[in-house]
Structures are given as C-alpha cells and as structure tokens.
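The values are calculated or read from the model by the stated rules, or taken from the named source; none is laboratory data. None of the values given here were measured: they were computed from a predicted structure. No Cβ is skipped: glycine too gets one built from the backbone with ideal geometry, and neighbour counts run over all protein chains shown.
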Amino acid sequence: MNNWSLAQPRIRMAPSVLSADFARLKDEIQRIEAAGAEILHLDVMDGHFVPNISFGVPVIEKLRPISKLFFDTHLMITDPVKYAEPFAKAGSDLLTFHIEVAPDPMAVADHVRSVGVRVGVTLNPGTPVSALRPVIGAVDLVLVMSVWPGFGGQKFIGSSLDKLRDLRTLLRPDQRLEIDGGIARSTIEAAVKAGADTLVAGSAIFGQPDPPAAMADLHRLAQAAL
Ligand code: DX5
Ligand code: ZN
C-alpha cells in the first residue's frame, strides 16, 4: 500500500494497536497517522503459539481502507504458511513469521513473498540469533522480540540488545532491524544504539493519554540516540 522504501535508513516508530482502544480503533489509527506515523504494527495471536488471542484477517481487512499506513503484521501463529495469503489479501504490507514454527524457514519466506508482500522473520527471547542464519539473507526485516510474545506492557529483556548488535553486523543496509516489547522512554535509546531502526511500541504509545505526543517524544529520543 505504502510506497516508501523499507531501505531508507531512517528511524521509524511502529505503534502497536494491541494497546489501542479496540472500540475506537479507526479514530486511534487515523489520529496516529495524522501525527506522522508511517508504520502500524498489527499483532495477530492464535491462542496456540502464544497464550493469548487478539484479532485476525477480518479486522485487518476492515482497517485497510481507512488508513494508508504500512501494515506490519506480526504473525504469532503456529501456521504462517496456511494464513499468509489471507493476511496478504486483507491488506498487510509485510508478514513477519516466527522462526520457532518454521522448520524450513526459506520455504516460509518464499511462500510469503509469493503472495505479494514483504517478508519478516522474528525470534523469541529464548531463541539464538544463529537460528536465523538459513533465512537471514532472504528477508526484508528481522524482528527481535524483547519480551515473550503474547501480551503488551511487559518489561524489556536486556539481553535483546546483544541480539540487535549481532544482527546489525549480519544484515545488509536494505534490511530493517525491528524490536518489539517493552520499548519506552527508558529503553528506546539503548535499542537504537544497539542497532534497531524500527521501534514497536504499544503501551508506551496507545496506552498513553496522548498517543501522538507519546510517539513524537519516543521518536525524538530515538533520533537523538543515533
Ligand atoms: C507482544 C507484541 C507486541 C506488543 C508490545 O506479544 O508482539 O507488539 O504490542 O507491547 P509493549 O510495547 O506494550 O511492550
Ligand atoms: Zn508485535
């Protein structure tokens, strides 16, 4: 949907709607978009890969016409291949799958690309960076989970910074490095210094009384850490 290049080496915030008011989702999204957001992080949970259920294809389909944001869909689901096409058709711009559910990650990445969207891969806090090696050259984005996936508002896991540093040396300039979980005023600078360029924040943006102001504040801190 969006035509900006993932390769542009700018810091970008990726507000996660998981902490938004779901009864007012359209307003929340349009407000953050008007404030200059470019990416919307959409957390899909199946109650199987993670111990929580969020939303799925029909919600993303309904959001697509009301926003021009880049839809960054984080698939916390056991079977990303089965659902890649429906999530692409619903309007996702990028689908990120978990390496833990992908015994043949190249096949998953190829399939995701074949349905017409960009590809991301992610790893849980307990999974080493080396697990990404078979697929790392084939993705547009690597996402480091800095909390155990399933819930917003958790505490940032500090060892994620080592993963960011390792990954930064392994990625090409046209690949983005995203971090997700516990990003807030107290953690964002360290994440940027360790190499993250795309910063997911749920509770620190949509959980705040003034989400656009919270996003601007985090973005300013992130830029200053470069
Ligand atoms: C966690 C999700 C995150 C979540 C982050 O399972 O993948 O995207 O929304 O929430 P915060 O920013 O509150 O840690
Ligand atoms: Zn996420």
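Structure summary
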read-out	value
Residue satisfying all of: in segment 33-60; away from ligand 1 (no atom under 14 Å from the Cβ) and surrounded by 15 or more Cβ atoms within 10 Å (Cβ to Cβ); farthest from Asp93 (Cα to Cα) among these	Ala35
Positions within segment 134-179 being within 15 Å of Ala194 (Cα to Cα), touching a Leu at 6+ places or on another chain (Cβ under 7 Å) and within 16 Å of ligand 2 (Cβ to nearest atom), in sequence order	Val142, Val144, Met145, Leu164, Arg176, Leu177, Glu178, Ile179
Selected residue (criterion: farthest from Val17 (Cα to Cα)) from residues of segment 138-155 that are surrounded by fewer than 19 Cβ atoms within 10 Å (Cβ to Cβ) and among the hydrophobic types (A, V, I, L, M, F, W, C)	Ala138
Odd one out for Leu69, checked against (1) more than 12 Å from ligand 1 (Cβ to nearest atom); (2) surrounded by fewer than 20 Cβ atoms within 10 Å (Cβ to Cβ)	(2)
Failed item, numbered, when Asp110 is tested on (1) out of contact with any helix residue (DSSP H, G or I) (no Cβ under 7 Å at 6 or more places or on another chain); (2) within 16 Å of ligand 2 (Cβ to nearest atom)	(2)
Exclusive hit being crowded, with 17+ Cβ neighbours inside 10 Å, in contact (Cβ under 8 Å) with a residue 40 or more places away in the chain and either among the hydroxyl-bearing types (Ser, Thr, Tyr) or within 16 Å of ligand 2 (Cβ to nearest atom) (or both), set Ala184, Ala222, Ala196	Ala196
Some residue of segment 157-165 being of a type in the set (Gly, Ala, Ser), touching a Lys or Arg at 6+ places or on another chain (Cβ under 9 Å) and buried (at least 18 other Cβ atoms within 10 Å of the Cβ)	no
Subset tally (residues that are among the acidic types (Asp, Glu) and assigned to a loop (DSSP other than H, G, I, E, B)) for segment 109-140	1
Pick from segment 163-186, criterion of a type in the set (Asp, Glu) and closer than 16 Å to Val129 by Cβ, ranking: nearest to ligand 1 (Cβ to nearest atom)	Asp180
Matching residues in segment 101-118 - criterion: being under 16 Å from Glu85 (Cβ atoms) and crowded, with 21+ Cβ neighbours inside 10 Å	Val108, Ala109, Val112, Val117
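Here's the yes/no breakdown for (1) modelled with pLDDT of 95 or more; (2) farther than 25 Å from Ala23 by Cβ; (3) out of contact with any Ser or Thr (no Cβ under 8 Å at 6 or more places or on another chain):
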position	(1), (2), (3)
Gly56	yes, no, yes
Val59	yes, no, yes
Lys68	yes, no, yes
Asp72	yes, no, no
Thr78	yes, yes, yes
Tyr83	yes, yes, yes
Leu94	yes, yes, no
